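Contents: one structure, followed by commentary.
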Amino acid sequence: MKKEVIQELYNGFEAVAVEVEGIECWSARELQLLWGYSKWENFSKVIDKAKIACENVGSLVSDHFPDVRKMVNLGSGSEREIDDILLTCYGCYLIARNRDPRKEQTSAYRGIKAFGSKCQFGSSKEP
């Protein structure tokens with residue numbers, strides 16, 4: 001994969017980050033699309049695998065994958081509330097490690113050294 005494509009994917013990841021109570025976080029719904037999943041159901045299966053990996057290393061799932069609700073705009077101009085998950089950087093890292101290897105975005109994130117070194121620490125307080 002070309003370096004330009006990898007950089008573009010990483011920049012997209014950084015662009016959707018938000019800070020919540022001093023911790024850098026990402027919306028799973030936003031990453032779903034960024035990481036090549038058109039259906040929430042498919043992406044949520046990957047999140048479930050990442051949660052198991054989180055438990056297996058002794059981290060609290062609730063620290064890295066808290067459930068939240070958010071409002072989304074419907075085409076008619078109205079809004080509705082949907083489920084989402086607020087991900088820490090470590091939560092994102094675990095998802096990246098458990099994603100479908102056939103997706104182009106998966107190989108890109110696995111190849112980004114900065115992504116791995118930034119997010120693989122497992123602390124809810126990012127380094």
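The values are calculated or read from the model by the stated rules, or taken from the named source; none is laboratory data. Here the structure is a predicted model, which is why all the values come from computation and not from measurement. Glycine gets a Cβ as well: all are built from the backbone with ideal geometry, and neighbour counts include every protein chain shown.
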### Query
In region 45-63, how many residues are among the hydroxyl-bearing types (Ser, Thr, Tyr) and either closer than 18 Å to residue 99 by Cβ or free of Cβ contacts under 8 Å to residues at least 24 places away in the same chain (or both)?
1
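Based on this model, can you work out whether residue 17 counts as buried (at least 18 other Cβ atoms within 10 Å of the Cβ), within 18 Å of residue 89 (Cβ to Cβ), of a type in the set (A, V, I, L, M) and in contact with a strand residue (DSSP E or B) (Cβ under 8 Å, 6 or more places away or on another chain)?
Numbers: buried (at least 18 other Cβ atoms within 10 Å of the Cβ): no; within 18 Å of residue 89 (Cβ to Cβ): yes; of a type in the set (A, V, I, L, M): yes; in contact with a strand residue (DSSP E or B) (Cβ under 8 Å, 6 or more places away or on another chain): yes.
No.
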### Message
Being buried (at least 18 other Cβ atoms within 10 Å of the Cβ) and either within 15 Å of residue 100 (Cα to Cα) or of a type in the set (Asp, Glu) (or both): is that true of residue 9 here?
### Response
no
### Task
Answer yes or no as to whether residue 51 is surrounded by 17 or more Cβ atoms within 10 Å (Cβ to Cβ), of a type in the set (D, E, K, R) and more than 14 Å from residue 119 (Cβ to Cβ).
yes
### Message
Give me the residue from region 78-98 that is in a strand (DSSP E or B) and in contact with a Cys (Cβ under 9 Å, 6 or more places away or on another chain) and, out of that set, farthest from residue 14 (Cα to Cα).
### Response
86
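Condition check ((1) modelled with pLDDT of 85 or more; (2) out of contact with any His (no Cβ under 9 Å at 6 or more places or on another chain); (3) surrounded by fewer than 20 Cβ atoms within 10 Å (Cβ to Cβ)) across all residues:
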{"position": "39", "(1), (2), (3)": "yes, yes, yes"}
{"position": "44", "(1), (2), (3)": "yes, yes, yes"}
{"position": "83", "(1), (2), (3)": "yes, yes, yes"}
{"position": "107", "(1), (2), (3)": "no, yes, yes"}
{"position": "119", "(1), (2), (3)": "no, yes, no"}
{"position": "122", "(1), (2), (3)": "no, no, yes"}
### Message
Can you tell me which of (1) more than 15 Å from the chain's Cα centre (by Cα); (2) under 10 Å from residue 94 (Cβ atoms) is the one residue 81 doesn't meet?
### Response
(2)
### Message
Under 7 Å between Cβ atoms, which residue pairs at least 6 apart in sequence (or on different chains) link something in region 6-34 that is at pLDDT below 85 with a partner that is not in a helix (DSSP H, G or I)?
### Response
6/112; 10/112
